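A.B. asks: Here's a structure for you.
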Amino acid sequence: MTIGFEGRVAIVTGAGNGLGRAYALELARRGAKLVVNDLGGARDGTGTSGTAAQVVVDEIIAMGGEAFANAGSVTDENNVAAMVAEAKAKWGRIDILINNAGILRDKSFAKMSIADFRLVLDVHLMGSAICTKAVWDTMREQNYGRILMTTSSTGLYGNFGQSNYGAAKLGLVGFMNSLGIEGAKNNVHVNTIAPAAATRMTEDILPAEVLEKMGSETVVPAALFLVSEGAPNRTTLAAGAGGFQRAYITLTRGVRVDADAMSPETVATQFEKIGGRENELLPENAFVQSALGLGKL
Ligand code: NAI
């Protein structure tokens, strides 16, 4: 089996560096036409270089591919609308959107300003929403679309000093969960990747011997599968350093309590049982939990 992207048009945000660049290059190698978005800022979101995206476009063109650069921000609705319009004018469609752009403003919550909390949410969560909104109608009309969100182990499981980032990153999983339901009937699939790779985002966080094993090429296979024709819908895959895992949000069977025993004390005494993981469920949608509460499952 070969996974090809011939004739596909892909937008990769934050593709001037790190993982986004690696995704864009491999998509181009496999036949896709690329919109390379990157405002070329620093890791904390300050500044712009204007050339980061163009450098990657030049690499794609040098390998015989087709691409153009967008050096604006994913948070700028006008910029994103112009980027999408340009891609449609050039190539007539948009098949793939990889929401990858991101920044860090790490600090313990005690020391974090609300401005830093808001900015991180704005780039990761609102940036992904703005880019997704801009391609959504096109994908639905085409009856084809593949969208990838980027979460993080911090979003899924937590990390000291990253409450803003974790909130944004798990928000993207929630975004996928509902969006994938809405897109399914028009063959628009939405998935999420939780990468682990040696980039400027992790270069001073992890030891060198670990980083050595975490090249972007260990994440690219999962990302490309998740935006391919055969992609699943509403799946979260973790990838990095040779490992591939799938993350689930499960639901315990819990307990049902009669009206006369309904009290905080009952919850306290039943707490262990409520958390018991035997016969755990993997709910398909939000109604499963209510059905379980009603004793219907
Ligand atoms: P990176 O810093 O190399 O790349 C991020 C890119 O996004 C940069 O080129 C930056 O200029 C661009 N960017 C930032 N704000 C932007 C904006 N407003 N508009 C357009 N572009 C913007 O970092 P890396 O590691 O490649 O990260 C890619 C994604 O993967 C991010 O969403 C990050 O949170 C996520 N991630 C990375 C992990 C890792 O181990 N490297 C772990 C978990 C998640």
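A.B. asks: From VAL84, VAL56, VAL74, grab the single residue that is under 27 Å from ALA167 (Cα atoms), buried (at least 18 other Cβ atoms within 10 Å of the Cβ) and within 16 Å of the ligand (Cβ to nearest atom).
C.D. replies: Numbers: VAL84 fails: under 27 Å from ALA167 (Cα atoms); VAL56 fails: under 27 Å from ALA167 (Cα atoms).
Result: VAL74 is the single residue among VAL84, VAL56, VAL74 that is under 27 Å from ALA167 (Cα atoms), buried (at least 18 other Cβ atoms within 10 Å of the Cβ) and within 16 Å of the ligand (Cβ to nearest atom).
A.B. asks: Could I ask something else about it? Would you check which residues across the stretch 87-109 are more than 9 Å from the ligand (Cβ to nearest atom) and within 29 Å of GLU6 (Cβ to Cβ) and list them?
C.D. replies: Hits for the stretch 87-109 are ALA87, LYS88, ALA89, LYS90, TRP91, GLY92, ARG93, ILE94, ASP95, ILE96, LEU97, ILE98.
A.B. asks: Residue by residue through the stretch 23-37, note down the ones that are assigned to a loop (DSSP other than H, G, I, E, B) and basic (Lys, Arg). Step through it out loud before you land on a result.
C.D. replies: Going residue by residue through the stretch 23-37, those that are assigned to a loop (DSSP other than H, G, I, E, B) are 30-32.
Within the stretch 23-37, just ARG30 meets the criteria.
A.B. asks: Taking the conditions exactly as written (in the same structural domain as TYR23 (by TED's automatic domain parsing), within 12 Å of the ligand (Cβ to nearest atom) and under 30 Å from MET1 (Cβ atoms)), does SER216 satisfy them or not? Before the answer, list the steps.
C.D. replies: Values: in the same structural domain as TYR23 (by TED's automatic domain parsing): yes; within 12 Å of the ligand (Cβ to nearest atom): yes; under 30 Å from MET1 (Cβ atoms): yes.
When the stated conditions are applied, SER216 passes them.
A.B. asks: While we're looking at this one, here's another question. Considering (1) on the phi > 0 side of the Ramachandran plot; (2) surrounded by 14 or more Cβ atoms within 10 Å (Cβ to Cβ); (3) free of Cβ contacts under 8 Å to residues at least 60 places away in the same chain, say which one GLY14 fails and leave the rest.
C.D. replies: That leaves (3) as the condition not met.
A.B. asks: Might you let me know whether the stretch 232-241 holds any residue that is under 20 Å from THR150 (Cα atoms), surrounded by fewer than 10 Cβ atoms within 10 Å (Cβ to Cβ) and in the same structural domain as THR150 (by TED's automatic domain parsing)?
C.D. replies: No - not one qualifying residue is present in the stretch 232-241.
A.B. asks: Please determine, by comparing only the residues of the stretch 280-291 that are within 22 Å of THR236 (Cβ to Cβ) and of a type outside the set (D, E, K, R), which one is surrounded by the most Cβ atoms within 10 Å (Cβ to Cβ).
C.D. replies: Residue satisfying both the conditions and the ranking: PRO283.
A.B. asks: Look through GLY14, GLY40, GLY20, GLY45 and report the one residue that is outside any loop (DSSP other than H, G, I, E, B), near the ligand (Cβ under 7 Å from one of its atoms) and of a type outside the set (S, T, N, Q). First the steps, then the outcome.
C.D. replies: On the way: GLY14 fails: outside any loop (DSSP other than H, G, I, E, B); GLY40 fails: outside any loop (DSSP other than H, G, I, E, B); GLY45 fails: outside any loop (DSSP other than H, G, I, E, B).
Unique residue meeting the criteria: GLY20.
A.B. asks: Can you name the residue in the stretch 170-216 that is modelled with pLDDT under 95 and among the hydroxyl-bearing types (Ser, Thr, Tyr) and, of all such residues, is farthest from THR138 (Cα to Cα)?
C.D. replies: Here the residue is THR202.
The values are calculated or read from the model by the stated rules, or taken from the named source; none is laboratory data. Owing to the predicted nature of the structure, the values given are computational and were not obtained by experimental measurement. Neighbour counts are summed over all protein chains in view; Cβ atoms, including those assigned to glycine, are modelled from backbone coordinates with ideal geometry.
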